[in-house]
Amino acid sequence: MTTKNTILLIVKQTPGIDYNSLLNKFSSSYSNINSARAALSRSLKDLTTFGFLGRKGNRYFLLDKGESEIFSELKNKLVIGLNDSLIQKNPVNDVDNIVQRLQIIIERSRQDKSLLKTSKTSIGFSISDLDDVNETLSKKIKHLNYISKVFGDQIESLKELDFNDSFSLAFSSTSSKFIASIFAGTGDEEFPVETQSAFFQKVFSGELGLKSKSNSFSVPKESLELFAASISKNSISAGNYIVTLFSSVFKAQFFGSRVIVSGPYSALSKWKKQLI
């Protein structure tokens, strides 16, 4: 509901409401009373200027134009929207909007008998139509629950068959040590590295003294932590280029401020548990 129509509805329900009482009702949707007061003052000025509300002293009354605006919003924006949602081929696909609009209509109809009458005469569907949508929704939920169970079982099977898994984490001095520990634990003595970044190629060959071949380098086991720390230190200067570190078990891809480590589920799971 717009700010304008919220105010009109409050005044309709409480004819002659004073400013402070109106502010108390209106401010419930604001976290800050000053913001609510500013929004209410601006809207009241417009609503009185354009003939939606009348004012006598500090009290406000709904005029015919304001009454028409409320019914227009109810009929055109809510009821027509509901009708359109329910006549489509698969109304269950729009159930979020249906539920939202129905709730607004129910709440307003309970507050105002004239709005209730307008709702009843304008709605182009029956309760049985809603029951049909609800039945379809229940079947869809049942099917999704079944699919979810099958999907979960398939995930467990992939774990048993040791398919690849991965995790992502923010790259920092702490996580660089963690990555170094993961690769050092594989038993490998040398770790291939690939990058298209001329910046990192210069860092690896110059600063770290790594052996290079084209765009590839080789990191000895004892230099893993220094290698990871160097990427962490220089990641901002290098931009979005990817640096990939390989072992006989794992692969780590460094880009920007993050790193993704992948490998067989059985080997990676113990490291993932340390992140929790």
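So here's what we get for this one:
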read-out: Proportion of all alpha-carbon pairs of the chain beyond 32 Å (%); value: 59 percent
read-out: Relative contact order (percent, whole number), the chain, Cα cutoff 8 Å, 6+ residue spacing; value: 14 percent
read-out: 222 nm mean residue ellipticity, helices alone, for the chain (DSSP H n ≥ 4; -39,500 (n - 2.57); rounded to 500); value: -18000 deg cm²/dmol
read-out: Per-residue Cβ neighbour rank within 10 angstrom, fewest leading, R55, R101, R37; value: R55, R37, R101
read-out: Pairs of Lys in the stretch 3-62 closer than 16 Å at Cα, counting only those 8 or more apart or on different chains; value: 6
read-out: Calculated FRET efficiency for the pair E67/E107, C-beta based, R₀ 22 Å, to 0.05; value: 0.75
read-out: Extension gain from R42 to T14, taking 0.36 nm per residue of separation minus the Cα-Cα distance; value: 8.1 nm
read-out: K25, K142, K272 arranged by Cβ crowding within 10 Å, fewest neighbours leading; value: K142, K272, K25
read-out: Cα gyration tensor of the stretch 86-214 - equivalent ellipsoid semi-axes, whole Å, descending; value: 62, 23, 14
read-out: Ranked by how many other beta carbons lie within 10 Å on average, peptides 197-203, 129-135 from highest; value: 197-203, 129-135
read-out: Restraint check, K213/K272; K140/K270; K202/K273; K251/K273, Cα-Cα greater than 28 Å; value: K213/K272; K140/K270; K202/K273
read-out: Listed residues S21, G57, I33: farthest to the positive end of the dipole of the stretch 1-95 (Cβ charges); value: G57
read-out: Full-extension gain in nm, V249 to S166, via 0.36 nm per residue minus C-alpha separation; value: 28.7 nm
read-out: Cα-based convex hull volume of the stretch 3-62 per residue, rounded to whole Å³; value: 67 Å³
read-out: Extension gain (nm, one decimal) between L275 and K117, 0.36 nm per residue minus Cα-Cα; value: 51.0 nm
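Every number here is computed from the coordinates shown, using simple stated rules; none is lab data. It should be emphasised that the depicted structure is a prediction, and the values quoted were computed from it without experimental measurement. Counting neighbours? That spans all protein chains shown, and the Cβs are built from the backbone with ideal geometry, glycine included.
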